[in-house]
Amino acid sequence: MAGRDISDEYLEGYARILAEASATGRRLTRDELDSRRVLGEQAAEAGLGLRALVGAHFAATRAHWPTGSPALVDSVLAAAAQAVDAFTEGYERAQRHAVRQEEAARREFIDDLLYGRSDLGLLAQRAERYGLRLSYEHAVAVARGRSAHGEGDAVPREVEQAMISRFGDRSILLTTKDGRLVCVAPGDQDDILAHFAKQAFAATSGGQVAIGRPHPGAAGVVQSYEEALNALDLAERLELDDPVLHSADLLVYPVLTRDRQAMADLVHSALGPLREARGGAQPFLDTLTAYFDSGCVAAEAARRLSLSVRALTYRLERIQKLTGSNPADPVHRYTLQTAVIGARLLDWPAQSL
């Protein structure tokens with residue numbers, strides 16, 4: 001094809017179409033329209049720009065412009081418009097197909113990355129395409145809003161734009177998974193995930209963000225992601241309303257529940273007698289939760305429960321009488337507070353132990 005412009009191969013048959021339109025005034029046949037669409041697809045797959053290709057069509061139209069009656073001019077213009085429209089349709093169809101393929105490949109990579117379902121060596125190679133070097137440490141942040149969000153929703157786009165504006169392309173992967181926003185970032189750049197948390201909180205109108213610890217390798221991404229998910233789960237069960245949760249600050253809770261049977265035995269032993277009270281155990285469990293969360297300050301605990309201090313004191317005395325443990329006594333406090341945490345983690349007394 002020496003001496004021939006590369007766009008000429010995507011104009012194959014166009015001069016003949018114009019010549020026949022000029023001679024007969026006919027429109028393009030179905031086969032001719034299909035051939036234009038195919039050429040448009042091939043041009044898109046070759047990576048040629050649509051603007052240059054349309055310009056080449058205009059140049060070819062000028063080169064084969066008819067001389068004669070205005071009716072011939074109208075016929076050529078109509079044929080050219082049909083040809084260019086079919087060509088651009090094929091071009092855009094190929095681009096949409098390429099975008100869908102890229103989106104599918106990206107989604108498959110994200111699933112494999114977060115769930116560790118692929119060969120680690122192959123996963124590392126695929127990760128480089130998305131700016132991640134899995135030989136380094138990475139940390140994962142997960143944001144949960146009041147509603148689920150998909151990849152093309154306004155909220156993820158808003159957060160992504162804010163991240164790009166601040167950090168550009170700094171080895172960051174932003175995506176969504178199971179309705180949540182996910183950010184994978186280098187483990188030694190805390191400012192990235194902190195900014196993600198700030199933007200996600202604002203974009204989700206007060207959602208909650210959990211940040212896993214940094215870990216090396218592809219398996220480390222999975223571990224950090226699971227830590228962030230577990231932190232969100234703990235926050236829901238324990239009714240933690242902090243906008244940003246760090247899994248490193250919540251390590252005590254998995255430790256407490258590692259032996260579930262032992263924790264269930266503690267809850268049953270320390271708090272079980274509260275079920276015999278009028279109204280059941282829940283009001284007293286709420287009282288202990290507020291009392292411990294307020295640093296064992298009765299006035300603050302009463303305020304949180306919308307009770308008078310006298311009513312709160314009566315409840316604490318009733319708890320001591322039923323359980324034999326005094327919440328204000330440092331010796332008893334640790335056992336009761338651990339049992340209260342266990343009850344919340346095990347959803348007691350709603351769930352039987």
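Please determine, by comparing only the residues of segment 313-340 that are of a type in the set (A, V, I, L, M, F, W, C) and modelled with pLDDT of 90 or more, which one is surrounded by the fewest Cβ atoms within 10 Å (Cβ to Cβ).
The selected residue is Leu322.
Going by what's in this entry, would Glu151 be described as surrounded by fewer than 18 Cβ atoms within 10 Å (Cβ to Cβ), within 25 Å of Phe201 (Cα to Cα) and not hydrophobic (A, V, I, L, M, F, W, C)?
yes
Please tell me if Ala141 is touching a residue at least 60 places away in the same chain (Cβ under 8 Å) and not acidic (Asp, Glu).
Against the criterion (touching a residue at least 60 places away in the same chain (Cβ under 8 Å) and not acidic (Asp, Glu)), Ala141 qualifies.
Here are some residues: Arg62, Arg27. Which one is outside the structural domain of Leu229 (by TED's automatic domain parsing), outside any helix (DSSP H, G or I) and either of a type outside the set (A, V, I, L, M, F, W, C) or within 30 Å of Tyr225 (Cβ to Cβ) (or both)?
Only one candidate passes the filter, namely Arg27.
So if I check each of Arg170, Arg100, Arg133, which one is at pLDDT below 90 and either under 14 Å from the mean Cα position of the chain (by Cα) or part of a helix (DSSP H, G or I) (or both)?
On inspection, the qualifying residue turns out to be Arg100.
Which members of segment 173-207 meet the condition of being within 15 Å of the chain's Cα centre (by Cα), surrounded by fewer than 20 Cβ atoms within 10 Å (Cβ to Cβ) and part of a loop (DSSP other than H, G, I, E, B)?
Of everything in segment 173-207, those that are within 15 Å of the chain's Cα centre (by Cα), surrounded by fewer than 20 Cβ atoms within 10 Å (Cβ to Cβ) and part of a loop (DSSP other than H, G, I, E, B) turn out to be Asp178, Gly179.
Is there a residue being in contact (Cβ under 8 Å) with a residue 24 or more places away in the chain, of a type in the set (Phe, Trp, Tyr), closer than 20 Å to Glu236 by Cα and part of a helix (DSSP H, G or I) anywhere in segment 343-350?
Checking segment 343-350: not a single residue is in contact (Cβ under 8 Å) with a residue 24 or more places away in the chain, of a type in the set (Phe, Trp, Tyr), closer than 20 Å to Glu236 by Cα and part of a helix (DSSP H, G or I).
Give the residue that is surrounded by the fewest Cβ atoms within 10 Å (Cβ to Cβ), with candidates limited to residues of segment 9-42 that are under 13 Å from Tyr91 (Cα atoms) and among the hydroxyl-bearing types (Ser, Thr, Tyr).
Step by step, filter segment 9-42, then rank; the result is Ser35.
The values are calculated or read from the model by the stated rules, or taken from the named source; none is laboratory data. Just so it is clear, the structure is predicted and the values come from calculations on it, not from any experiment. Positions of Cβ are generated from backbone atoms using ideal geometry, with glycine treated the same way; all protein chains shown enter the neighbour counts.
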